[in-house]
Amino acid sequence: MRKNKSGLDKFLSGFKPKNLLTSSIFAIAALSSVAFVAKDSFAKTSNLERTVVESPARDSSKSSFDLFIDMNLKFEYHPEVISASNFPLDIRRVPVHAQDRKYYHFHDDEIMIDIMDTKLSYRPTWFLPSIGAGATYSYKPFRIRTGINLAILFDYYLEGEEMHPDDTIQEYDYLHGGGEKRTEGSALVYYGLFFGNHFTPEFYVELSKDVTEKINVFLEYNRLKYSIEVQNGWDRYNSLDTMHRYGLSDFLSQSVKIGIQSTERPNTASWPNEPWRLFGKEIYGSSQAYLGYSFIDSKIHPISGLNVKTTSSQFFIGGNISFKLNLN
């Protein structure tokens, strides 16, 4: 099991300013400076080049209201939100798999496997795809957008010989007297921390301001719920066969994000000549890079003997690639 946190994890979990509003103001000022430099750079672009990449929003009236359906591919790095230690024997004890009892002739007193106790922690998913709908009101150069998405939560579990990263799972190979590598002929039992729900609604409100034809700065409020549970069972053929699930904690995450966003246009960077279309409607593409801060409310479901620690707030970083189908 790996016990050392990455440098990025230490930075994000350790940086806790006393005044979030002050930090946000400084962040907005920094982003505005970057945007101003970018604006001067774009101003030097030739008229011909501007014609190719001109945002369609610039050709519309000063104010507009749009309805859309969108698909998002979000990537975020979060420090741990929960850690647990002193796991009771009922969780750490897993029987030899039924197939192995038959082939390896285990005696009755050898059937139960006690996995070593250790401290485990969990970080929310890095990859968060979602699909949803919303509305945008634009009044140049400002834009406000709100919507709701159905987000998919993934447990970040690696295939091959590598185990789940960052001390999220503990495994034991009972055929070879220990070890936790997925090698040929191994027979692994496990316990660990996992998402309790894999689909959750995600609500957001976003305010943005154009600074060039292609770039804007934005501030977003985001809200979603998820749960973490303890599971145990068998690791068979690079997939987990769960025996028991124990609800551990419910979380409500409310986040504020600030960042830079590409202005939406009917053609993506890879296809600059022809826009994508569906049912005659243009598909707009955009991308984001941002710094976020989460306020996390948690409700622990006590498990006898288990020590649980949760995080109430944290910084995180992320990015998003979005495709929107305008319904107007």
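The values are calculated or read from the model by the stated rules, or taken from the named source; none is laboratory data. These numbers come from a predicted model, not from an experiment. Note that we place each Cβ from the backbone using ideal geometry, even for glycine, and neighbour counts take in every protein chain shown.
Things worth noting here:
- Restricting attention to the stretch 296-328 and to residues that are over 30 Å from Leu278 (Cβ atoms), assigned to a strand (DSSP E or B) and polar (S, T, N, Q), the residue that is nearest to the chain's Cα centre (by Cα) turns out to be Gln314.
- Per this entry, Thr125 is counted among residues that are within 20 Å of Leu224 (Cα to Cα), not acidic (Asp, Glu) and not in a strand (DSSP E or B).
- Test set (1) at pLDDT below 95; (2) within 20 Å of Thr310 (Cβ to Cβ); (3) part of a strand (DSSP E or B) - Trp234 fails condition number: (2)
- Of residues in the stretch 85-113 being in contact (Cβ under 8 Å) with a residue 24 or more places away in the chain and in a helix (DSSP H, G or I), the one nearest to Tyr246 (Cα to Cα): Ile91
- The listed residues are Thr146, Thr136, Thr118, and the only one of them that is within 31 Å of the chain's Cα centre (by Cα) and in a loop (DSSP other than H, G, I, E, B) turns out to be Thr118.
- Test for Gln261: is it at pLDDT 75 or above, farther than 22 Å from Asn86 by Cα, of a type in the set (S, T, N, Q) and assigned to a strand (DSSP E or B): yes
- When Ser55 is tested against (1) under 30 Å from Ile215 (Cβ atoms); (2) at pLDDT 80 or above, exactly one condition is not met: (2).
- Every pair of residues 6+ apart whose Cβ atoms lie under 8 Å, when the first sits in the stretch 307-328 and is under 30 Å from Ile91 (Cα atoms) and free of Cβ contacts under 8 Å to residues at least 40 places away in the same chain while the second is among the small types (Gly, Ala, Ser) and part of a strand (DSSP E or B): Ser312/Ser298
- Residues of the stretch 183-196 that are of a type outside the set (Val, Ile, Thr), more than 20 Å from Arg93 (Cα to Cα) and at pLDDT below 90: Glu184, Gly185.
- Some residue of the stretch 216-228 being surrounded by 15 or more Cβ atoms within 10 Å (Cβ to Cβ), at pLDDT 95 or above and in contact with a helix residue (DSSP H, G or I) (Cβ under 6 Å, 6 or more places away or on another chain): yes
- Taken together, the residues in the stretch 233-266 that are farther than 25 Å from Ile283 by Cα, under 20 Å from the mean Cα position of the chain (by Cα) and among the aliphatic types (A, V, I, L, M) amount to 3.
- Taken together, the residues in the stretch 270-302 that are in contact with a strand residue (DSSP E or B) (Cβ under 7 Å, 6 or more places away or on another chain) and either surrounded by fewer than 17 Cβ atoms within 10 Å (Cβ to Cβ) or at pLDDT below 95 (or both) amount to 17.
- Residues of the stretch 106-150 that are at pLDDT below 90 and under 23 Å from Asp210 (Cα atoms): Lys140 alone.
- Pair list, Cβ under 7 Å, 6 or more apart: the stretch 119-141 residue within 20 Å of Lys324 (Cβ to Cβ), other residue modelled with pLDDT of 95 or more and in a loop (DSSP other than H, G, I, E, B): none
- Considering the stretch 106-149, and only residues there that are of a type in the set (Lys, Arg) and buried (at least 18 other Cβ atoms within 10 Å of the Cβ), the residue that is nearest to Gly178 (Cα to Cα) turns out to be Arg123.
- Within the stretch 205-214, the set of residues being in a strand (DSSP E or B) and crowded, with 20+ Cβ neighbours inside 10 Å comprises Ser208, Asp210.
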